[in-house]
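To start, the structure under review is shown below, and the notes come after it.
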Amino acid sequence: MTDTLSAAIDVVPISAPSAPGFGAEIRGVDLRTLSDAAFAAIERSWIDHQVLLFRGQTLTDRELTAFSRRLGELDHAPIQENGQRFVDGMPEIYVVSNVIENGVPIGSLGAGEAVWHTDMSYLPAPPKASMLYALEVPPAGGDTSFCDMYAAYESLPDALRRRATGLRVKHDGTYNSGGYVRQGVTPTDDPRQAPGMLHPLVCTHPESGRRMLYLGRRRMAWIEGLDLPQSDALLDEIWSHATRPDFTWTHRWRVGDLVLWDNRCTMHRRDPFDAATRRIMHRTQVKGVAPPAS
Ligand code: SIN
């Protein structure tokens, strides 16, 4: 089904089996030259559908950051695993890539799996939006999946929902989603001692008003007040529910695709791909304005 908004953008819902309306493709727009009305329609669709796909874009880094800034102030990207910034003079651009030039990786996360996560949830106010723009894609693999955290919450069995409500989770800042230790962090095996933030396990979206699970990432997570085995058992139960395939859709990338997601009510993961092939994505993130709240 296609519904056409007044600003003449076409919104084509994608949907996951148990998450109707989760994800949409926006057709007929050039992100370099959006009118205010078209941008407003896109912003509304982003709140409604959580993840938006735009195909066929041709953006320089400046155009990518200019579009990103229309959603709010941009975060500086985390420092690369080798301690370097990614793009000279553009600290907002995070390069996700396996490509090595002159012996130096040009980006982060390599060619392995990136596990389910919410971007930078270890911060007091994590980014509200993230976007990923495809510059080079491998012939196979490297697909990115998105998971609807409203649907995950709304379908929780009653007993599990009651147990989850009111709890807080430690969001670890030691490892990135590729499993690499972040710059400047000394790893510990105890999530209670690790750097990071406590956020409510069940949060309310500040714009849609809907409730969602807020999990961050599984590795080194801990539920405040529980001993580690109890915390792990409850987290495992919640995670296996939240990442059910029927709450997710998977994007197969083409060069020129831009995917914009609401980082507050989704998680994402990436499939591994052949390290001998090339994948280059540029990512920006829009600052969160408030901590996640119940
Ligand atoms: C990310 O986790 O931000 C990167 C996802 C991807 O490489 O598709």
Solvent-free Debye scattering, log10 I(q)/I(0), computed from the Cα coordinates of the chain at q = 0.10, 0.13, 0.16 Å⁻¹: -0.52, -0.90, -1.38
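Tell me, what is a quarter of the convex hull surface for the C-alpha atoms of the range 82-197, in nm² with one decimal? Write down the numbers at each step before the final one.
Details: hull surface 40.2 nm².
With the hull built on Cα positions only, its mean projection is 10.1 nm².
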Farthest toward positive dipole pole in the chain [+1 Lys/Arg, -1 Asp/Glu at C-beta], among Q183, V104, Y214: Y214
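At a threshold of 8 angstrom on Cα-Cα distance, excluding pairs fewer than six apart, so keeping six or more, what relative contact order does the chain reach in percent? Could the numbers behind the result be given before it?
Details: 659 pairs, mean separation 91.6, N = 294.
Relative contact order of the chain: 31 percent.
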Using a Gaussian network model on the chain with a 10 Å cutoff between Cα atoms, which of E224, E25, E207 fluctuates the most? E207
Averaging the inverse of every distinct alpha carbon separation and then flipping it gives the Kirkwood radius. What is it for the range 183-239, in angstrom units? 12.8 Å
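Convex hull over the alpha-carbon atoms of the range 112-164: what's its volume per residue in Å³? Mind showing how you got there, number by number?
On the way: hull volume 7.8 nm³, N = 53.
Each residue corresponds to 147 Å³ of Cα convex hull volume.
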Taking only the alpha-carbon atoms of the range 196-284, the convex hull volume per residue, in cubic angstrom, is 162 Å³
Value of Rg/Rh across the range 25-99 [Cα atoms, Kirkwood radius]: 1.01
So if I place +1 on the C-beta of Lys and Arg and -1 on the C-beta of Asp and Glu, and nothing else carries charge, what would the dipole magnitude of the range 85-215 be about its Cα centre? I want it in debye, nearest 20. 720 debye
Using the Cα atoms of the range 1-135, I'd like the radius of gyration and the largest Cα-Cα distance, Dmax, both in angstrom. 16.5, 50
Please list 3J(HN,Hα) in residue order for the range 147-157, calculated via the Karplus relation 6.51 cos²θ - 1.76 cosθ + 1.60 where θ = phi - 60°; whole Hz, with x for glycine and proline. 10, 8, 7, 5, 4, 4, 5, 5, 9, 4, x
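FYI, it's all coordinate maths here, none of it is from the lab. Because the structure is a prediction, the values reported are computed rather than measured. Positions of Cβ are generated from backbone atoms using ideal geometry, with glycine treated the same way; all protein chains shown enter the neighbour counts.
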